[in-house]
Amino acid sequence: MTRPFQTLAALALCALPLPAAAQALTPSEETAIDSVVTGTLAKTGVPAVSIAVVRDGKLVLARAWGRASATLGPAKPDMPFQIASNSKQVLAALILRLADEGRLSLDDKVSRWLPEVTGADHIVVRQLLSHTSGIQDYWPQDYAFPAMATPTTPDAIIRRWAQKPLDYEPGTRWQYSNTGFVVAGRIAELAGGAPLGQLFESRLFGPLGIHPLFIDDTNGPQFPHGHDRHALGPVREVTPPARGWLYAAGELSMTAADLARWDIARIERQILPAQDWAIQETPVRLTDGTTNGYGLGVHTGERDGRRAIDHGGESVGFLSQNTVWPDDRAAVVVLTNAGFSDATATLTDAIGAVILPHAIQAQTGELPRLADARAELAALTAGRFVAGRFTDDARAYFTRSAVADYHRSLIALGPCKGFAAKGKPRLRGGFVNRNFGVTCGRKALTVITYAERGAKGRWEQYLISQD
């Protein structure tokens, strides 16, 4: 894939003159934001965060805190962070634009473009963008599985995952699928007659004056480096996936300010017809008439009575959260170079409480497996890794060093109590996702698991994050 976007020099030249823009925040508001950010970084161990704030349709803050990498030193607001799945809304917007040009339709059958995809005669483009296609997710894990050490291509992902049997009949269920967006990205290229980066630049980014990069081009020493940890062990820089793994499913890196400019375009109904923005933000309904609030690449819902359009993003060593309150003409972008902790959600809510007028305050039939998950925590705390209870990918993740980090960091906390399910089991990528809350000593933890289906399915993931 050729580099589609502008040079870093262009990126730097387009950095917002922040002192003038920041005047809309009062000194006390800036102090409140600085306090919650520094406190959250200290509590969670997240190395760096880059934040942008929109109020009344204008960018009023773009600032970075912490350390970008061991070699780069302090994070700066003009550094692009990996936004991963926050890219999905951009691809959906591009496809809406191509539909306006008559190059494709949201109701096109996938077979018009990629007949080799399983169920292509029954899946429409809209279902790819709303995670209702039934195509299995190729990356449900929150870590890089071994195959990701080798470069791949969109067509290779499609051959390996989009030609499997469907997880369900298209339109009957919602299940997050990165694979569906890879298929959608290839359709956009075929319909648009150009590589994805060129289409983004000509239809969306150029008119907005923003200059994102592809993630694969930002896995280098001159960019913020991703970090992770095993349980509550040491925070370490990560090895990113090889090229090609995030194509169209989470392909972009950008500054917080540039993502905020995208949010302003949403608020002001720029670059796309207002009807297209509305289509993207309208929750898609399943065949039984229900919806979970997901539209085309974005979630739509209410938070304490406010309409919110939002999405998260995760790549190896990076997490992001992008939230727009369109009726308040406000937005908060939080980008971190850490693949752990709930810092993005914590900071989004805390900053929203500062900038908004008032403070913000699927059934699977699978068993909860509460006892199994609790027993696994006890084993890992004791330094025991029972390989037979884990899949090949999970065994590759739990290296001797990882098991030692789990043991040392968890045993130091003290006894655990209150192990309980956080929500109901849900399906994703052929696995069952179950999350649990537990308090160990004085630390509130979240256990994030994926497992094969069934009462004795092996663990595909068993990660621990501090709340």
| query | What's the exposure ranking of Thr344, Thr150, going from fewest to most Cβ atoms within 10 Å? | reply | Thr150, Thr344
| request: Let me have the 222 nm mean residue ellipticity of the chain computed from DSSP H runs of 4+ only, each contributing -39500 (n - 2.57), with the sum over all residues rounded to the nearest 500. | output: -8500 deg cm²/dmol
| said: More than 30 angstrom separation, counting every C-alpha pair in the chain; what % is that? | reply: 44
| task | For the range 49-139, state the average projected area of the convex hull of the C-alpha atoms over all orientations, rounded to one decimal in nm². | result | 9.3
| Give me the Kirkwood hydrodynamic radius of the range 274-333 in Å, from all C-alpha pairs, to one decimal place? | 12.6
| task | Just rank Asp393, Asp34, fewest to most, by other beta-carbon atoms within 10 angstrom. | result | Asp34, Asp393
| Viscosity 1.002 mPa s, temperature 20 °C, Stokes-Einstein D of the range 173-232 from Kirkwood C-alpha radius, µm²/s | 148
| query | Can you work out the FRET efficiency for the pair Thr239 and Arg303, with r the C-beta to C-beta distance and R0 = 35 Å, to the nearest 0.05? | reply | 0.45
| task | Add +1 for every Lys or Arg and -1 for every Asp or Glu among the other residues with Cβ under 11 Å from the Cβ of Tyr397, and state the total. | result | -4
| query | Can you give the FRET efficiency for Lys43 and Asp121, using 1/(1 + (r/R0)^6), R0 = 41 Å, r = Cβ-Cβ distance, to the nearest 0.05? | reply | 0.20
| Over all directions, what mean area does the Cα convex hull of the range 168-285 project, stated in square nanometres? | 10.5
| Inter-label distance, nm, simple model (7 Å from Cα along the C-beta direction), Lys417/Asp107 | 6.0
| request: Check each of the trypsin sites (Lys or Arg not before Pro) in the range 273-313 and keep only those in coil by DSSP with at most 15 other C-beta atoms within 10 angstrom; list them in order. | output: Arg285
| query | If you project the alpha carbons of the range 235-303 onto the principal axes, what extent comes out on each, in Å, largest first? | reply | 44, 33, 26
| For the range 1-361: relative contact order, % (alpha-carbon pairs under 8 angstrom, 6 or more apart) | 26
| query | If you find the alpha carbon centre of the range 24-47 and of the range 191-224, how far apart are they in angstrom? | reply | 30
| In the range 362-436, which trypsin sites (Lys or Arg not before Pro) fall in coil by DSSP and have 13 or fewer other Cβ atoms within 10 Å? | Arg384, Lys422
| query | Extension gain Thr172-Thr31, at 0.36 nm per residue separation less the Cα-Cα distance, in nm? | reply | 46.0 nm
| message | Quick check on my link table: of Lys109/Lys164; Lys422/Lys456; Lys76/Lys443; Lys88/Lys164, which ones sit more than 26 Å apart, alpha carbon to alpha carbon? | response | Lys76/Lys443
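Values in this text are rule-based calculations from the coordinates and carry no lab data. As the structure is a computational prediction, the values presented were derived from the model and not from experiment. A quick note on method: Cβ atoms are made from the backbone with ideal geometry, for glycine too, and the neighbour counts reach across all protein chains shown.
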